[in-house]
């Protein structure tokens, strides 16, 4: 295609050739990037999206598709202070429940969204106590989770093991298909006129006279606002703008069994062990829950995000053991796939979403939970990038790490 | 398909396996997948839309050749499962 014919490239000439102009430039073709591009394009903005690889090639497409709205186990296992802070994310989880309920109709696409409920189970009295504390926090934040005993849990999900003592039940939880969601957002964004370019790696980001100039190997772009939503690559891309962003890559493990008859409509998690389980629409049982894989390393130090992370055998064994202990019938199923995916976690575990105070007009989004919360982040980001003040994002603002950028920008 | 080499080969004993009710000739030491392919059966299972799927990697990696051993109900990879005389296999369920 002749670049001159693209929308948003109507003319400003600079010494180095054509500069493609748009209102907003999104870097990253994952769930958040594509969904934000769609929201903004639908609101009438000229949007360009640049993706270094392919749409949905990173964590957005590699995760196991949980829609988890209870407070995550990772927030509970690291002490009271963090648990207290993390409880505040429940307000966003509640928005996400509403967003997911409407998404298929809004996009006119089958995303295999199933919200048949979720159970976070406990096997020991200590774990039951953790669930009790968690439910108290969630109730205070207005989430409709409730603690039920083992028999009640097995009445909800008969496949649960006899030694499950209790569970926290939330009727809104469930799962969706990571291979369908982001491509649907990308297609919707294109239909609204967004210019989405894949295999287009950003190599330079410069802010000048209130506008951003973004360079790739063979093209130049200019936009009033920029969103960096590159998952594990976010810190690298932020560095192009001379900014620090405390997002660290982590490699996780996911597994799929062969298809089987419908046995598990709910999302199953475990409060004391790393585990998520669900049955996908095709019948496969997906098993994950945050077991680590090993990031590839570069010869000169640092992690190589361009190379595949490798499976750690002890993680594989531990993950499958937790699955069998929780839902014994999976022992009879063949494991057909195990794969790794790389996401990012922030310095304080909460996602980072919003405008960077040091660089007005530059927005960042990343830091985990971004399948469940991604559509909500995107909806709120689109409002914020449109100039609105969005209080819901205050908790996740990059402003809390502004000290890192005291000498940057 | 008639793909078996017939000249200058030594085989195990002639045996029979039953696939979806049909008796297929095989030789001891062959896999279920070999016997099925030699008999011209390329369909090993169906996808969720009912479309036929067949053996792909023939080395245990892809799981495209999952079939059911009727006696135990176990799902196995036909490419890794040795044919046993009288063994009954189903390509559905």
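Where a number appears in this text, it was derived from the coordinates with a stated rule and is not lab data. These numbers come from a predicted model, not from an experiment. So basically every Cβ, Gly included, is an ideal-geometry build from the backbone, and we count neighbours across all protein chains shown.
Odds and ends about this structure:
- Neighbour counting of Cβ atoms within 10 Å sorts the residues A:371, A:407, fewest neighbours leading, into A:407, A:371.
- Shielding of peptide A:255-267 by partners, expressed as the average count of other chain Cβ atoms within 10 Å per residue Cβ, is 1.
- Dividing the mean sequence gap of close Cα pairs (under 8 Å, 6+ apart) by how many residues the stretch A:237-366 holds gives a relative contact order of 29 percent.
- Distance between the stretch B:1-70 and the stretch A:77-108 - C-alpha centres, whole angstrom: 49
- Two-site label geometry, residue A:406 and residue A:394: point separation in nm, points 7 Å out along Cα→Cβ: 2.5
- Cα gyration tensor category, rounded, prolate or oblate, for the stretch B:40-93 with a/c compared to 1.5: oblate
- Between the stretch A:47-74 and the stretch A:124-165, the Cα center-to-center distance that results, in Å: 28
- Most simply put, the stretch B:15-90 has about 85% antiparallel DSSP beta bridges, counting only bridges with both residues inside it.
- The packing ranking of peptides A:35-45, B:19-29, A:321-331, highest mean first, is A:35-45, A:321-331, B:19-29, where packing means the average number of other beta carbon atoms within 10 angstrom of each residue.
- Counted over the protein assembly as shown, the DSSP beta bridges are approximately 75% antiparallel.
- Order of A:151, A:300 - criterion: other Cβ atoms within 10 Å of each residue's Cβ, fewest first: A:300, A:151
- Separation between Cα centres of the stretch A:353-409 and the stretch A:281-333, rounded to whole Å: 30
- Listed by Cβ neighbour count within 10 Å, with the fewest neighbours leading, A:72, A:132, A:126 appear as A:126, A:132, A:72.
- Stretchable slack from residue A:163 to residue A:140, in nm (0.36 nm times residue separation minus alpha-carbon distance): 5.4 nm
- Averaged over peptide B:41-53, the number of partner chain Cβ atoms lying within 10 Å of each residue's Cβ comes to 1.
- Three-way shape call for the protein assembly as shown based on the alpha-carbon gyration tensor, with the a/c threshold at 1.5: oblate
- Residue-averaged [θ]222 nm for chain A, counting only DSSP H segments that reach four residues, each worth -39500 (n - 2.57): -8500 deg cm²/dmol
- The stretch B:15-90, relative contact order in percent, only Cα pairs under 8 angstrom and at least six apart counted: 39
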